[in-house]
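We did not get these values from a lab; they are worked out from the coordinates using the rules stated. Since the structure is predicted, the reported quantities are computational estimates derived from the model, not experimental observations. Positions of Cβ are generated from backbone atoms using ideal geometry, with glycine treated the same way; all protein chains shown enter the neighbour counts.
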Ligand SMILES: Nc1ncnc2c1ncn2[C@@H]1O[C@H](COP(=O)(O)OP(=O)(O)O)[C@@H](O)[C@H]1O
Ligand SMILES: [Mg+2]
């Protein structure tokens with residue numbers, strides 16, 4: 001039986017597809033067979049997969065499929081359940097009806113949240129929808145857990161300690177919202193920082209293969225790029241572990 005991770009959020013641009021690329025890259029590179037089901041009509045993941053093949057930067061362990069009228073989400077899961085270790089489902093910003101389907105097939109639901117009021121509000125709505133779903137379920141243990149991942153986090157806030165002065169370049173409201181997410185939405189213990197390197201992954205291919213390609217070059221700029229890609233891989237592995245261990249962030253401010 002495959003482990004099924006479903007990405008959801010009502011808003012586009014929160015970082016769902018980026019997280020799918022990171023996780024699937026890391027899992028496939030570690031030798032695990034991984035299927036990504038791309039349910040977004042924009043077909044972001046399918047395009048990325050095609051680009052990575054063109055660039056010879058695809059992983060053999062990674063397969064991407066989309067649904068069609070005669071092959072829906074449930075058919076795809078049935079087909080691949082015994083053939084892959086992980087199934088990751090990428091979605092577009094969808095409503096509640098779709099969420100019920102996703103919850104019925106996933107082992108865990110992930111919702112990326114940006115540091116913006118609208119995103120925090122939508123995430124809170126999704127958390128209450130999930131609570132409701134659980135409360136109404138005949139067997140609540142069958143409803144997968146929903147975890148928030150802080151996405152596109154200002155790198156200056158990654159190591160900020162609550163109660164210490166605001167870093168220069170971080171707005172007061174931004175800092176306040178950062179801790180509103182941590183205190184109220186109980187996110188997982190890994191934040192995805194805002195970094196240009198993630199856009200390069202999107203344009204080139206799978207992370208592990210990009211690292212391999214850079215490792216074969218020896219010039220200076222390639223070395224510094226290599227370190228950035230390796231850091232992205234380390235984060236992707238930690239994020240995967242965090243999801244399965246359900247490790248939540250905790251904040252101590254000395255009080
Ligand atoms: N952590 C990040 N750092 C920098 N850019 C990011 C990050 N996450 C997402 N992006 C960029 O933001 C845009 C939207 O992200 P995406 O993952 O496609 O969101 P979604 O799938 O939720 O709509 C993309 O162009 C992507 O490259
Ligand atoms: Mg997307």
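Take every DSSP beta bridge whose two residues both sit in the range 3-245; close to 5 percent of them are antiparallel.
For the range 3-245, the equivalent ellipsoid derived from the alpha-carbon gyration tensor has semi-axes of 27, 27, 14 Å in decreasing order. Here the Gaussian network model covers the chain, with springs between Cα atoms less than 10 Å apart; of 140, 69, 187, 69 fluctuates the most.
For the pair residue 42 and residue 85, label points projected 7 Å from Cα toward Cβ lie 3.0 nm apart.
Relative to its Kirkwood radius, the Cα radius of gyration of the range 126-255 gives an Rg/Rh of 1.06.
Across the chain, Cα pairs under 8 Å and at least six residues apart give a relative contact order of 26 percent. Residues considered: 165, 41, 145. Largest GNM mean-square fluctuation over the chain, using C-alpha springs under 10 Å, is found at 165. Between residue 228 and residue 68, residue separation times 0.36 nm minus the direct Cα-Cα distance comes to 53.9 nm.
Relative contact order of the range 108-173: 41 percent, from C-alpha pairs under 8 Å at least 6 residues apart in sequence.
Compared with the alpha-carbon gap, the fully stretched path from residue 168 to residue 138 is longer by 5.7 nm at 0.36 nm per residue. Normalised by the number of residues in the range 111-255, the mean separation of alpha-carbon contacts (under 8 Å, six or more apart) gives a relative contact order of 26 percent.
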